[in-house]
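The values are calculated or read from the model by the stated rules, or taken from the named source; none is laboratory data. Note that the structure is predicted; figures quoted are calculated from it, not measured. Ideal geometry is used to build each Cβ from the backbone, glycine not excepted, and the neighbour counts take in all protein chains shown.
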Amino acid sequence: MIPNPSTEIVAATTPAAAPTSAKAKKIAKIAGAAAFTFAMFGTLALPAYALNPATNVEAEIVQASTAQTIKVSAGPALTPIDDIPLEVDTSIVEQEQRERAIAEAEAAAEAAAEQQQAATKAEPVAAVDVPAGQGASGIVNAALAQLGVAQDCTALVEKSLRAVGHSVGDLAPAQFTAYGPSVGYSHGSTVLAPGDILIWGNAHVAIYVGGGKVVHGGWDGFTTVVAGLSTYHGLPTTVVRMS
């Protein structure tokens with residue numbers, strides 16, 4: 001009988017197939033176990049970007065964006081607050097300047113007045129040249145020329161009389177009645193004329209210069225001044241009319 005090759009091949013290879021299949025299954029089990037183990041533990045061990053390339057790229061983009069965001073470019077230098085000009089109302093400034101100018105002018109005027117007052121209270125002049133004249137007007141001019149001179153009341157009148165030609169010595173106030181007609185003085189009714197010699201009893205003598213003003217010697221610090229009719233002796237008692 002001729003052997004059937006196909007049959008023999010099957011018969012010969014059939015026993016060997018079993019071990020191969022079993023081996024393959026065993027290998028498959030081992031591979032599956034390895035895959036499972038890798039899936040369980042290997043995933044935890046690997047970084048996230050290694051498993052997900054897209055995530056790695058996004059992280060780089062975010063990182064680059066953050067770096068660009070926090071980058072600050074140097075700007076212009078800041079001006080110190082003290083160097084910033086303030087906006088000031090010019091009307092207020094002008095008003096302050098006007099007020100300051102007025103205050104300075106008032107202070108200067110006050111200083112000048114004080115200086116003039118101090119000069120007035122300075123030491124009286126020892127003597128002046130008394131101008132010569134005639135009659136009552138000559139006496140008035142002579143009396144006014146002696147303002148500021150240090151002298152008593154009788155010296156003032158004596159010099160004024162000498163200026164118009166009278167020879168006068170050292171007299172007491174009441175003795176001046178000898179140089180002209182005299183009348184009693186009544187305040188409000190006696191008419192006075194420039195050049196009149198006014199006598200206050202035997203206490204004081206002066207010269208009337210008009211406008212209610214009288215030149216007095218021996219006045220306020222023993223000087224010659226212009227003042228009113230009333231003195232610490234009261235009003236004059238006698239008027240000597242000088243023509």
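Quick grid of which residues meet (1) assigned by TED's automatic domain parsing to the domain that holds Val225; (2) under 18 Å from Ala203 (Cα atoms); (3) not hydrophobic (A, V, I, L, M, F, W, C):
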| site | (1), (2), (3) |
| --- | --- |
| Val157 | yes, yes, no |
| Leu161 | yes, no, no |
| Gln175 | yes, yes, yes |
| Gly180 | yes, no, yes |
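Screening Gly217, Gly210 for residues that are in contact with an Asp or Glu (Cβ under 9 Å, 6 or more places away or on another chain) and not hydroxyl-bearing (Ser, Thr, Tyr) leaves exactly one candidate, Gly217.
Of the strands (runs of 3 or more DSSP E) lying entirely inside the range 172-243, the ones with 1 or more residues being at positive phi are found at 204-210, 213-219. The residues of the range 154-185 that are in contact with a Pro (Cβ under 7 Å, 6 or more places away or on another chain) and not aromatic (Phe, Trp, Tyr), listed by number, are Thr154, Ala163. Within the range 147-189, the residues that satisfy the criterion of being loosely packed, with under 14 Cβ neighbours inside 10 Å, within 20 Å of Thr237 (Cβ to Cβ) and over 59 Å from the mean Cα position of the chain (by Cα) are Ala172, Ala178, Pro181, Val183, Gly184, Ser186, Ser189.
Taking (1) modelled with pLDDT under 95; (2) within 18 Å of Ala172 (Cβ to Cβ) in turn, Ser230 satisfies each apart from (2).
Here's the yes/no breakdown for (1) closer than 22 Å to Asn141 by Cα; (2) at pLDDT 95 or above:
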site	(1), (2)
Gly180	yes, no
Gly188	no, no
Asn202	no, no
Ile207	yes, yes
Gly210	yes, no
Gly218	yes, no
Gly221	no, no
Val239	yes, yes
Ser243	yes, no
